[in-house]
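The values are calculated or read from the model by the stated rules, or taken from the named source; none is laboratory data. In this text the structure is predicted, and so the values were computed from the model without any measurement. Here the Cβ positions follow ideal geometry from the backbone for every residue, glycine too, while neighbour counts run over all protein chains shown.
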Amino acid sequence: MQSLLSFIEANQDRYLTELKELLAIPSVSTDPAHDGDIRACADWLAEHMRNIGLQNIQMFPTPRHPIVYADWLNAPGKPTVLLYGHYDVQPVEPLELWTSPPFDATVRDGRLYARGASDDKGQVFIHLKGLEAYLRNGGDLPVNVKLLIEGEEEVGSEHLDQFVLEHKDFLKADLVLISDSSMFAKGVPSICYGLRGLAYMEIDLVGPNKDLHSGSFGGTVHNPIQALAEIIAQLHDKNGRVTIPGFYKDVLPLSAKERAAYKKLPWNDKKYAKELGVAELYGEKGFTTLERVWARPTVECNGIIGGFTGDGAKTVLPSKASAKISMRLVPNQKSGVMARLFQKHIKKIAPKTVKVTVRDLHGGEPAITPIESPGVQTAVSALEKGFGKKPLYQREGGSIPIVVQFKQILGIDSVLLGFGLPDENAHAPDEFLDLENFFGGIRTSVHFFNELPHFMAAARKTK
Ligand code: BES
Ligand code: MN
Ligand code: MN
């Protein structure tokens, strides 16, 4: 172990140089103009996996973006880890808000700034370096590993379910390891045991059959932007609760134990509000901020489209208006059920003055993972060694829909071992990865693989 840790220490500069190369590839999955870059990124990863000594490198095409696979299965009798991550990234616009170019990774104040630095190329790279440390120093891993790195996570992992279904035996493993989330705070490592799900909807309104002069026609027909605003405004009551009938019906209540544990976490609403630049927080009454973001469902308007938005003034009564609305879901809500509830409710409250269509764009299921599993207990021990501090348990508000599919299709639980930070600007300008977390993450990765066989064996004995 000591020689592996010295190796990591001695190779820090090289790690950064390599990661910068990976981050230079603009693998934006939602934009077809970047399809070539996605391909180049998958190729880069495959090549890198081969170079560090992984085996059986394969590129699985999908109708959209390829899945990169590699394994190392030369530890008979030892546990097998399925390492999941994604190499695709979110768009970078608005470009002018980046301090340095998003695809030219730059170190400032101990942080590496680039799109994908934290979500998720940097975190995938952490484990590649953890594995490399073993493969370059004696050549053997203490466990078997299968790596599954996809290119469609940021667009809803559309083709991954099918792939997992069709490769059940091929992907057989004892647990999934995912580093695609955050620690509780800088210097406060954590294990994530819950993720929210998602149902992403679009509402399209059509009023008059063409744009109208707002003077000649204003006052005679319902402006679709106004009608849309009225619909959106009705979705929450004065207590911040969602008004859709049945919305909270399947919500698994927070246990008294969880509520007590969350109250003990180092948290300050005032500081949080200040950091976000808001005078006051907003949300469902009766729950704390952490409870609301980790364990309560929400309805959010992501975007609203309609009418004249150019410079200056144009007097127009528009024909159309649309909104992108997502629901974050918690156990035991189901995205399909929630999408139908939403559709039904919007249809019911829509005024007769406009035509309304509601579309279900995509969804993903919420997840809770067991914290007493040997995988999680290994992660606790590895984090303690990698960061010198015992981790705490938390949930997250974001979504990784494949977690539930891994459980349902492969029958295995995921260990959510995040090395990001809550304020790392994921999906926004100036995304960064904290370099202490980067190197701490690589140490943690090495400890995780080393200790997993012991925790698995101990768990088997007590069964
Ligand atoms: N890495 C995030 C998920 C995440 C965010 C986990 C914050 C924990 C904390 C992932 O890349 C992501 O952005 N997921 C999408 C899912 C969607 C596209 C189906 C999300 O949460 O919006
Ligand atoms: Mn991610
Ligand atoms: Mn993301």
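Before moving on, here are some points about what is shown:
- Any hit, the range 172-188, residues being modelled with pLDDT of 95 or more, more than 30 Å from S255 (Cβ to Cβ), assigned by TED's automatic domain parsing to the domain that holds R50 and more than 16 Å from ligand 1 (Cβ to nearest atom): yes
- Residue satisfying condition, being crowded, with 17+ Cβ neighbours inside 10 Å and of a type outside the set (D, E, K, R), within set L252, L265, L228: L228
- Lone qualifier among D109, D161, D88, D119 - being in contact (Cβ under 8 Å) with a residue 40 or more places away in the chain, more than 16 Å from ligand 2 (Cβ to nearest atom) and acidic (D, E): D161
To keep it simple, each residue is scored yes or no on (1) in contact (Cβ under 8 Å) with a residue 12 or more places away in the chain; (2) on the phi < 0 side of the Ramachandran plot; (3) in the same structural domain as I25 (by TED's automatic domain parsing); (4) within 16 Å of ligand 2 (Cβ to nearest atom).
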| position | (1), (2), (3), (4) |
| --- | --- |
| G138 | no, no, yes, no |
| N144 | yes, yes, yes, no |
| L148 | yes, yes, yes, yes |
| L165 | yes, yes, yes, no |
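- Residue list for the range 385-437, restricted to those being out of contact with any strand residue (DSSP E or B) (no Cβ under 8 Å at 6 or more places or on another chain), touching a residue at least 24 places away in the same chain (Cβ under 8 Å) and part of a helix (DSSP H, G or I): K385, G386, F387, Q405, I409, E436
- For the range 1-20, the set of residues classified as farther than 28 Å from E451 by Cβ and either in contact with a Gly (Cβ under 6 Å, 6 or more places away or on another chain) or surrounded by 12 or more Cβ atoms within 10 Å (Cβ to Cβ) (or both) consists of K20 only.
- Looking across the range 396-411 at every residue that is touching a helix residue (DSSP H, G or I) at 6+ places or on another chain (Cβ under 6 Å) and more than 27 Å from Y272 (Cβ to Cβ), the one that is nearest to ligand 2 (Cβ to nearest atom) is identified as I402.
- Entry remark, the range 288-309: residues being within 21 Å of P208 (Cα to Cα) and in a loop (DSSP other than H, G, I, E, B) number 3 in total.
- Which listed residue is under 23 Å from the mean Cα position of the chain (by Cα), within 16 Å of ligand 3 (Cβ to nearest atom), modelled with pLDDT of 95 or more and closer than 30 Å to Q90 by Cβ, from G197, G156: G197
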